[in-house]
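Report on the structure given below.
We did not get these values from a lab; they are worked out from the coordinates using the rules stated. This structure is a prediction, so every number in the text was calculated from the model and none was measured. Glycine gets a Cβ as well: all are built from the backbone with ideal geometry, and neighbour counts include every protein chain shown.
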Ligand SMILES: Cc1ncc(COP(=O)(O)O)c(C=O)c1O
């Protein structure tokens, strides 16, 4: 055991601040202790460098320590790190989100995807006067109580069963939704699943959800924490042309700093305090460093960026020769028969995948042909 992990275990439960960072699921004792990141690379405390396909679980679409993001954050910090009152920059970021995400007319900024999802559910319940809701086995919406049972990501990796509410049905199973949607406040869904490995929506699935919600009076909530600004600038709703009532955003929207958001139609969002009666608040909400980072990133996400990401994705599709490979835009998963062995093989060759099959590989503008080809070659070597 390294000294750092030994120290961590003495003061942090399990030695990590988020369970998905633990590596026991892939047969390793210790998490990766990172010293720095640059572009597509991570460097650990022992000086080993890895091609990083995790990118902090998705936010870093321009890679680690992106110079422009760093510059705006440093400049913002010099003017104060938090004010707890309104700023121009948070208005600008909200304007940017409203312009980009087709169904969002009003948006509120928070600090984590968990908070955003939790409040979207509260709002859907208040707006409909209904308590039950429908969600999908293997989707993940953060760690608020109602979302935990049969959730994806670390809940699934660790095999935990932790309370939870909601009528849980299989992803892509419209018949099951039809059976369960009656009297529901909302249907909560990842429009492209990314927390059970990447699973694209089946043809007609999102349209079917829209139809079932309209027929039953349930609200449709897209959790676009991963897909937002990733599978298209306007997220999955732009890519698939299906508009939800409420949208949950996180990760890329904060440019790698702690920021998330939820938004939707004006009359729904106006239910939030102080305009309305549904309470939601946050000391660090709309934080000036995070809004600076988010604005800098969102303003650079032009159509050319998505074309470039798609081209990189097509190159990465070579992985399909080595197992079931799913990719939607800049998110992908190679489903391996023995994922822990694959993970360890790649790590040994300087390539870092998420330490669980339930997560995605995240492409960024800084993954070049070299990083992609090295990854494909290492997978080929493993499969040989
Ligand atoms: C789809 C989805 N929703 C919500 C969350 C929770 O976001 P956070 O970790 O910022 O609380 C995540 C986190 O990975 C996610 O992937």
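Let me see the P(r) profile for the range 1-54: every Cα-Cα distance counted, bins of 5 Å, each bin given as a percent of all pairs. Taking all Cα pairs of the range 1-54, the binned fractions are 4, 18, 25, 28, 18, 6, 0 percent.
Take the alpha carbon atoms of the range 236-279, find their center, do the same for the range 155-193, and report the distance between the two centers in whole angstrom. About 20 Å separates the Cα centre of the range 236-279 from the one of the range 155-193. Expressed as a fraction of 2.2 N^0.38 Å, the C-alpha radius of gyration for the range 307-384 is 0.99.
A straight chain from residue 36 to residue 65 at 0.36 nm per residue would run longer than the Cα-Cα distance by 9.6 nm. Take the Cβ atoms of residue 302 and residue 9, set R0 to 51 Å, and the FRET efficiency comes out at 0.65. Taking a ≥ b ≥ c as the square roots of the eigenvalues of the Cα gyration tensor of the range 1-136, is the shape rounded (a/c under 1.5), prolate (a/b larger than b/c) or oblate? Because a/c hits 1.5 or more and a/b fails to exceed b/c, the range 1-136 counts as oblate. Once a ≥ b ≥ c are taken as the square roots of the eigenvalues of the Cα gyration tensor of the range 106-241, is the result rounded (a/c under 1.5), prolate (a/b larger than b/c) or oblate (a/b not larger than b/c)? Here the range 106-241 falls in the rounded category.
Given R0 = 25 Å, the distance between the Cβ atoms of residue 131 and residue 105 translates into a calculated FRET efficiency of 0.45.
Cut-off is 10 Å between beta-carbons; in what order do 279, 5, 240 appear when sorted fewest neighbours first? Least crowded to most crowded, the residues run 279, 5, 240. Take every DSSP beta bridge whose two residues both sit in the chain; close to 60 percent of them are antiparallel. With a 10 Å cut-off between alpha carbons and a GNM built on the chain, which of 106, 160, 246 moves the most? Looking only at 106, 160, 246, the biggest GNM fluctuation is shown by 160.
As a length-normalised measure over Cα pairs under 8 Å and 6 or more apart, the relative contact order of the range 206-270 settles at 29 percent. Calculated [222 nm] ellipticity per residue, helices only, for the chain: -10500 deg cm²/dmol; basis is -39500 (n - 2.57) per DSSP H run with n ≥ 4, divided by all residues, nearest 500.
Taking the fewest neighbouring Cβ atoms within 10 Å as the starting point, the ordered list for 331, 269 is 269, 331.
Take 76-82, 319-325, 112-118, 166-172 and order them by the average number of nearby Cβ atoms within 10 Å per residue, most first; the result is 112-118, 166-172, 319-325, 76-82. With contacts taken as Cα pairs under 8 Å at a separation of at least 6 residues, the chain carries a relative contact order of 23 percent. The angle between the Cα long axis of helix 67-78 and the longest principal axis of the Cα atoms of the chain comes to about 60 degrees, rounded to the nearest 10. The angle separating the long axis of helix 369-383 from the principal Cα axis of greatest extent in the chain is about 70 degrees. Computed over the alpha-carbon atoms, the range 92-164 gives an Rg to Rh ratio of 1.04, Rh here being the Kirkwood radius from the mean inverse distance. Extension gain for residue 267 to residue 158 (0.36 nm times residue separation, less C-alpha to C-alpha distance): 35.2 nm. Each residue, residue 314 and residue 28, gets one label point 7 Å from its Cα in the Cβ direction; the gap between the two is 3.3 nm. Between residue 16 and residue 324, residue separation times 0.36 nm minus the direct Cα-Cα distance comes to 107.8 nm. Just so you know, the Rg over Rh for the range 67-299 is 0.97, from Cα atoms, with Rh as the Kirkwood radius.
Shape analysis of the range 243-384 yields a ratio of the Cα radius of gyration to the Kirkwood radius, Rg/Rh, of 1.09. Taking all Cα pairs closer than 8 Å and separated by 6 or more residues, the relative contact order of the range 83-170 comes to 22 percent.
Measuring between their Cα centroids, the range 194-224 and the range 78-151 lie 17 Å from each other.
Relative to the longest principal axis of the Cα atoms of the chain, helix 113-128 runs at roughly 20 degrees.
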